[in-house]
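Take a look at this one; I'll ask things after.
Where a number appears in this text, it was derived from the coordinates with a stated rule and is not lab data. Bear in mind the structure is a predicted one, so any value in this text is a computation, not a measurement. Here the Cβ positions follow ideal geometry from the backbone for every residue, glycine too, while neighbour counts run over all protein chains shown.
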Amino acid sequence: MQVRNRRSANWSLEAAPWSAAKASAHVLGRLHEWGYREADTAALALTELLVRTAVADGGRRVSVHLADQNRQALIVALSHRPGLAVADTTVLPELNRLGAVSCGTDTAEDGRRVWAVLDL
């Protein structure tokens with residue numbers, strides 16, 4: 001995944017039950033460093049759901065990617081489990097309910113990506 005012309009950060013975590021909480025702490029910490037504090041509740045909930053979804057794919061690790069632009073944050077979780085079937089879209093309505101202004105999922109050679117955009 002490549003992100004250009006904006007601030008970004010990423011973290012690689014073991015695919016474990018505790019990964020969602022750890023990823024959320026990383027994302028909130030970085031958003032605070034960038035001066036964003038207004039959307040903490042939504043950022044926390046979205047990150048946790050994204051990572052839980054990636055962990056459920058059964059890979060050995062997940063990665064979390066964060067970028068900001070124009071007072072919006074892009075949060076992406078990647079499962080790193082190749083060979084998955086077509087992307088499952090059942091998570092999308094829940095991401096919208098949690099505050100995503102845009103979201104999506106797809107499956108590629110490197111695993112399933114699930115992402116959300118959040119207004120900051």
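Within the set of pairs 6+ apart or on separate chains, which have a first residue in segment 32-47 that is free of Cβ contacts under 8 Å to residues at least 12 places away in the same chain, a second that is of a type in the set (Asp, Glu) and in a helix (DSSP H, G or I), and C-beta atoms under 9 Å apart?
His32/Asp40
Filtering segment 1-53 down to residues that are within 10 Å of the chain's Cα centre (by Cα) and among the hydroxyl-bearing types (Ser, Thr, Tyr), which residue is farthest from Gly111 (Cα to Cα)?
Looking at the filtered set, the residue picked out is Ser24.
Within segment 61-87, track down each residue that is in contact with a Lys or Arg (Cβ under 8 Å, 6 or more places away or on another chain), more than 29 Å from Glu33 (Cα to Cα) and not aliphatic (A, V, I, L, M).
Filtering segment 61-87 for residues in contact with a Lys or Arg (Cβ under 8 Å, 6 or more places away or on another chain) gives 66-69, 76-81, 84, 87.
Then keep just the ones that are more than 29 Å from Glu33 (Cα to Cα); that gives 81, 84, 87.
Result: Arg81, single match.
I'd like the full set of residues that are over 11 Å from the mean Cα position of the chain (by Cα), under 23 Å from Leu44 (Cβ atoms) and without any contact (Cβ under 8 Å) to a residue 40 or more places away in the chain, limited to segment 90-120.
The answer is Thr90, Leu92, Pro93, Asn96, Arg97, Val101, Ser102.
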